[in-house]
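The values are calculated or read from the model by the stated rules, or taken from the named source; none is laboratory data. Worth saying up front: this structure is predicted, and the values here are computed from it rather than measured. Reconstructed Cβ throughout: ideal geometry from the backbone, glycine too, with neighbour counts over all protein chains shown. Please note that ligands, DNA and RNA were not included when accessible areas were found on the heavy atoms of the full protein model with its side chains. Shrake-Rupley method; radii C 1.70, N 1.55, O 1.52, S 1.80 Å.
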Amino acid sequence: MKIKLDLFLKKSRSAKLIICFMVFALMFSMFAGCDGDTDTDTETENGAVGEQEEEQKEYETLQIYAAYGGLDNIMAAFTEATGIEAEYISMSSGEVLSRMRAEQGRALGDVWFGGGVDSFMVAAEDGLLEAYVSPEAQYIDEKFKDPDGYWTGVSIVLVTLVVNKDLAESKGIPIPQTWEELIDSKYEGEILMPNPGISGTAYTFIASILQILGEEKGWEYLDKLDENAPYYAERGSEPPQKAALGEVMIGVSPDGIGTKREGYPVEVIYPSDGTAWWHSPVAIIEGTSNLEAAQKFVDWTLTAEGQAVLAKESPRPSTRPNVELPEDVPDLDSLNLVEYDFDEAAQKRDAIVDQWSERYSN
């Protein structure tokens with residue numbers, strides 16, 4: 001009996017041990033399973049939330065000060081590519097610079113897109129721009145971007161003469177091929193150009209003349225040119241429009257191709273004695289509250305896709321190599337481009353504009 005009892009007790013202890021082991025194993029499995037599921041759920045949940053945040057992230061509508069052609073289509077292409085809405089105010093570079101100076105410390109715009117590079121250089125010097133080096137800027141030549149990242153060139157603007165062929169023929173006046181010809185008396189009252197205080201085109205042209213001829217002879221040339229100008233336009237777009245409509249014979253203009261594409265009877269002249277040019281930049285305005293969206297706009301304008309859109313909508317050579325350009329955009333190697341000192345032009349901008357205003361202000 002004693003033997004049977006011992007055997008029973010031994011069996012009971014074994015059974016208890018087996019049961020305890022099974023309970024422990026079950027609990028461990030449950031906890032382990034729970035931990036694993038929790039980790040998986042966390043990863044899944046975090047991933048889902050991350051994607052959801054990315055999908056649902058909404059930027060404020062981007063506010064852009066712009067001096068560029070084809071803006072409606074450019075903004076639509078940017079929005080389609082990024083999902084970010086963008087609004088623009090079309091302004092000449094001089095107007096943007098004045099506005100930014102007035103808004104300093106309370107920026108109303110996020111991005112400055114297009115215009116005279118000299119104004120961007122002045123704005124950077126005045127602390128009005130936010131430095132940003134886009135990953136896409138690595139594909140842009142060093143000479144087309146600011147070494148400190150305050151602006152990056154997106155295209156190259158050529159200063160052209162838009163000449164109304166019908167008007168020239170009816171008046172029996174030859175179509176000029178050089179800047180030198182423009183000071184001839186036969187063009188009196190036939191030349192319209194913008195005020196350099198508000199137009200990057202006009203300022204680049206005047207600064208180029210002063211650099212090529214020197215200060216004394218340069219101002220003498222501008223004095224004679226003034227005699228042939230009926231007045232000075234207050235917007236850069238006005239001279240080619242007036243020439244297209246036959247209100248004047250010659251309009252000093254950037255992107256003359258755009259006017260010709262619209263079907264007007266005009267010829268676009270790249271002066272053979274020196275075609276003035278500049279790279280048209282994009283920059284972020286200091287103090288913007290929409291910085292990430294502004295950076296995305298800068299990035300997009302510098303991508304191959306963005307550059308192709310810009311070249312299509314505003315026919316200019318691109319700063320990024322190997323971008324397919326429209327057939328009517330000239331090869332830069334075929335032109336006599338002015339050797340232009342951009343730093344000198346920016347440093348002297350205010351002084352040159354002041355002197356020009358004293359001499360020729362309407």
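Could you give every pair whose Cβ atoms fall below 7 Å, whose first residue belongs to segment 64-92 and is at pLDDT 95 or above, and whose second residue is in a loop (DSSP other than H, G, I, E, B) and surrounded by fewer than 19 Cβ atoms within 10 Å (Cβ to Cβ), counting only separations of at least 6 or pairs across chains?
Within 7 Å, the pairs are T79/E85; I84/Y59; E85/T61; A86/T61; E87/T61.
Can you pull out every residue in segment 63-87 that is on the phi > 0 side of the Ramachandran plot and over 15 Å from the mean Cα position of the chain (by Cα)? Working first, answer last.
Taking segment 63-87 and keeping what is on the phi > 0 side of the Ramachandran plot, we get 70, 83.
Once the filter is applied, which keeps residues that are on the phi > 0 side of the Ramachandran plot and over 15 Å from the mean Cα position of the chain (by Cα), segment 63-87 yields only G83.
Could you check segment 159-178 and list, in sequence order, the residues that are within 34 Å of the chain's Cα centre (by Cα), modelled with pLDDT of 95 or more, open to solvent by less than 30 Å² (accessible area, probe 1.4 Å) and hydrophobic (A, V, I, L, M, F, W, C)?
Scanning segment 159-178 gives L161, V162, V163.
Within segment 335-356, is even one residue under 14 Å from the mean Cα position of the chain (by Cα) and under 22 Å from M91 (Cβ atoms)?
From segment 335-356, those under 14 Å from the mean Cα position of the chain (by Cα) are none; that's our starting set.
No, every residue in segment 335-356 fails to be under 14 Å from the mean Cα position of the chain (by Cα) and under 22 Å from M91 (Cβ atoms).
Out of E136, E95, E181, report the one residue that is open to solvent by 10 Å² or more (accessible area, probe 1.4 Å), free of Cβ contacts under 8 Å to residues at least 60 places away in the same chain and assigned to a helix (DSSP H, G or I). Break it down into steps so the answer makes sense when it comes.
Values: E136 fails: free of Cβ contacts under 8 Å to residues at least 60 places away in the same chain; E95 fails: free of Cβ contacts under 8 Å to residues at least 60 places away in the same chain.
The conditions single out E181.
Quick check: anything in segment 189-198 part of a loop (DSSP other than H, G, I, E, B), over 25 Å from A346 (Cα atoms) and either open to solvent by 30 Å² or more (accessible area, probe 1.4 Å) or in contact with a Ser or Thr (Cβ under 8 Å, 6 or more places away or on another chain) (or both)? Spell out how you get there, then give the answer.
Step one: of segment 189-198, the residues part of a loop (DSSP other than H, G, I, E, B) are 189-190, 195-198.
Filter once more, keeping what is over 25 Å from A346 (Cα atoms): 189-190.
Narrowing the set further to residues that are either open to solvent by 30 Å² or more (accessible area, probe 1.4 Å) or in contact with a Ser or Thr (Cβ under 8 Å, 6 or more places away or on another chain) (or both) leaves 189.
Among the residues of segment 189-198, at least one is part of a loop (DSSP other than H, G, I, E, B), over 25 Å from A346 (Cα atoms) and either open to solvent by 30 Å² or more (accessible area, probe 1.4 Å) or in contact with a Ser or Thr (Cβ under 8 Å, 6 or more places away or on another chain) (or both), which makes the answer yes.
Among the residues of segment 258-272, how many are in contact (Cβ under 8 Å) with a residue 60 or more places away in the chain, open to solvent by 10 Å² or more (accessible area, probe 1.4 Å) and either within 27 Å of the chain's Cα centre (by Cα) or farther than 20 Å from V329 by Cα (or both)?
Looking only at segment 258-272, we keep the residues that are in contact (Cβ under 8 Å) with a residue 60 or more places away in the chain, and these are 258-261, 264-272.
Imposing the further condition that a residue be open to solvent by 10 Å² or more (accessible area, probe 1.4 Å) reduces the set to 258-261, 264-265, 267-268, 270, 272.
Next, from what is left, pick out any that are either within 27 Å of the chain's Cα centre (by Cα) or farther than 20 Å from V329 by Cα (or both): 258-261, 268, 270.
The number of residues fulfilling the criteria is 6.
Select from segment 329-341 the residues that are among the hydrophobic types (A, V, I, L, M, F, W, C), touching a helix residue (DSSP H, G or I) at 6+ places or on another chain (Cβ under 8 Å) and under 20 Å from W179 (Cα atoms) and list them in ascending order. Full working, then the answer.
If we filter segment 329-341 for residues that are among the hydrophobic types (A, V, I, L, M, F, W, C), which is where we start, we get 329, 332, 335, 337-338.
When the remaining residues are screened for being touching a helix residue (DSSP H, G or I) at 6+ places or on another chain (Cβ under 8 Å), the result is 329, 338.
The answer is V338, and nothing else.
Among the residues of segment 285-297, are any in a loop (DSSP other than H, G, I, E, B), closer than 20 Å to V159 by Cβ and in contact (Cβ under 8 Å) with a residue 40 or more places away in the chain?
Within segment 285-297, none of the residues are in a loop (DSSP other than H, G, I, E, B), closer than 20 Å to V159 by Cβ and in contact (Cβ under 8 Å) with a residue 40 or more places away in the chain.
Based on this model, can you work out whether A304 counts as among the small types (G, A, S), open to solvent by less than 70 Å² (accessible area, probe 1.4 Å), closer than 22 Å to I140 by Cα and in contact with a Leu (Cβ under 7 Å, 6 or more places away or on another chain)?
The answer is no for A304.
Scan segment 77-89 for residues that are outside any loop (DSSP other than H, G, I, E, B), out of contact with any Gly (no Cβ under 9 Å at 6 or more places or on another chain) and open to solvent by less than 60 Å² (accessible area, probe 1.4 Å) and jot them down.
T79, T82, A86, listed by residue number.
From the set of residues in segment 315-339 that are at pLDDT 90 or above and of a type in the set (S, T, Y), which is most open to solvent (accessible area, probe 1.4 Å)?
Ranking the candidates gives S318 first.
If you scan segment 258-310, which residues turn out to be among the basic types (K, R) and closer than 24 Å to G236 by Cβ?
Initially, segment 258-310 is screened for residues among the basic types (K, R), giving 260-261, 296.
Those that are among the basic types (K, R) and closer than 24 Å to G236 by Cβ: K260, R261.
Applying the selection to segment 98-119, what residues are within 16 Å of the chain's Cα centre (by Cα), on the phi < 0 side of the Ramachandran plot and not in a helix (DSSP H, G or I)?
G109, D110, V111, W112, F113, G116
Hey, among the residues in segment 223-256 that are in a loop (DSSP other than H, G, I, E, B), within 16 Å of T204 (Cβ to Cβ) and not charged (D, E, K, R), which one's least open to solvent (accessible area, probe 1.4 Å)?
G236
Specify the residue that is least open to solvent (accessible area, probe 1.4 Å); the eligible residues are those in segment 110-133 that are among the charged types (D, E, K, R) and touching a Gly at 6+ places or on another chain (Cβ under 8 Å).
Per the criteria, the residue is D118.
Each row is one residue, and each column tells you yes or no for (1) hydrophobic (A, V, I, L, M, F, W, C); (2) closer than 19 Å to D166 by Cα; (3) at pLDDT below 95.
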residue: I212; (1), (2), (3): yes, no, yes
residue: G218; (1), (2), (3): no, no, no
residue: L225; (1), (2), (3): yes, no, no
residue: A229; (1), (2), (3): yes, no, no
residue: E234; (1), (2), (3): no, no, yes
residue: P254; (1), (2), (3): no, no, yes
residue: G258; (1), (2), (3): no, yes, yes
residue: E262; (1), (2), (3): no, yes, yes
residue: T275; (1), (2), (3): no, no, yes
